[in-house]
1. From the list 134, 144, pick out the single residue that is outside the structural domain of residue 70 (by TED's automatic domain parsing), touching a residue at least 60 places away in the same chain (Cβ under 8 Å) and surrounded by 11 or more Cβ atoms within 10 Å (Cβ to Cβ).
2. In the stretch 171-195, which residues are assigned to a helix (DSSP H, G or I), more than 22 Å from residue 32 (Cα to Cα) and not hydroxyl-bearing (Ser, Thr, Tyr)?
3. Out of the residues in the stretch 139-161 that are touching a helix residue (DSSP H, G or I) at 6+ places or on another chain (Cβ under 9 Å) and in a loop (DSSP other than H, G, I, E, B), state the one that is modelled with the highest pLDDT.
4. All but one of (1) surrounded by 19 or more Cβ atoms within 10 Å (Cβ to Cβ); (2) without any contact (Cβ under 8 Å) to a residue 60 or more places away in the chain hold for residue 37, so report the exception by its number.
5. If residue 42 satisfies every condition in (1) more than 18 Å from residue 113 (Cα to Cα); (2) part of a loop (DSSP other than H, G, I, E, B) but one, which is the exception?
6. Within the stretch 131-138, is even one residue at pLDDT 85 or above and of a type in the set (Gly, Ala, Ser)?
7. For the stretch 10-31, enumerate the residues that are under 18 Å from the mean Cα position of the chain (by Cα) and not in a helix (DSSP H, G or I).
8. Identify, from the list 74, 36, the residue that is under 25 Å from residue 141 (Cα atoms) and under 10 Å from the mean Cα position of the chain (by Cα).
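The values are calculated or read from the model by the stated rules, or taken from the named source; none is laboratory data. Just so it is clear, the model here is predicted, and its values are computed rather than measured. Counting neighbours? That spans all protein chains shown, and the Cβs are built from the backbone with ideal geometry, glycine included.
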Amino acid sequence: MTRKSWELPFLAEPAEVAGLRRVMRLHLRLWGLSDVAEAAELCVSELVANVIRHVGEGTPSTLEVGMNGTHLRVALRDPDTRALPTLVHAGSDDESGRGMALLDAVSDRWGVILGASSKLVWCDLATSLVTPGGHIDGPRIAKGEACLTLYAGAGGEPAGVAVLEEAAIDLITDLLHWLSVHGRDMDEALDRAQVRFEAAADGAR
């Protein structure tokens with residue numbers, strides 16, 4: 001799977017945070033990385049809050065997301081090269097230090113890259129990936145892939161994602177025919193499968 005880096009310009013305002021978190025969550029679902037979505041959304045919230053607090057509300061900023069090896073890199077660029085984030089041991093009422101402490105707690109590492117006219121504050125989140133272009137493993141994934149490999153007629157040989165996708169569509173089609181001839185409600189079955197999938201995905205987060 002190719003996970004192409006992406007950027008999203010925005011104005012650093014509290015009202016923008018929910019939309020940024022939603023975009024992040026959708027992208028990570030497409031990348032098969034829903035298990036780190038909660039941590040990534042938290043990083044987005046804290047990075048934006050840091051810009052609002054120390055640079056100013058309405059600051060033109062850019063959310064930059066991509067892979068750094070098997071880590072997910074979440075970064076925020078803003079035009080102020082002077083206001084650098086610092087990790088401090090903040091008290092329970094000290095909001096200025098709590099944001100970076102949260103960032104430090106959920107990420108494997110974080111840092112700042114200074115440019116001539118901007119700075120990039122980044123954090124790397126650990127994923128379950130073994131290779132940058134691979135996918136997260138698990139019992140359900142392994143069982144599904146083994147089933148699709150047989151269904152695709154690959155004879156146990158590794159098959160490409162496109163081939164397995166077609167096999168998945170064929171399998172779903174055949175299962176719908178099976179449900180139909182046995183008088184079962186296909187839409188209800190699909191809805192139940194979707195609910196179980198979403199529940200399992202939420203449980204993995």
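1. 134
2. The answer is 174, 175, 176, 177, 178, 179, 181, 186, 187, 188, 189.
3. In this case the residue turns out to be 152.
4. Of the numbered conditions (1) surrounded by 19 or more Cβ atoms within 10 Å (Cβ to Cβ); (2) without any contact (Cβ under 8 Å) to a residue 60 or more places away in the chain, the odd one out for residue 37 is (2).
5. Against the list (1) more than 18 Å from residue 113 (Cα to Cα); (2) part of a loop (DSSP other than H, G, I, E, B), residue 42 comes up short only on (2).
6. no
7. 31
8. Only one candidate passes the filter, namely 36.
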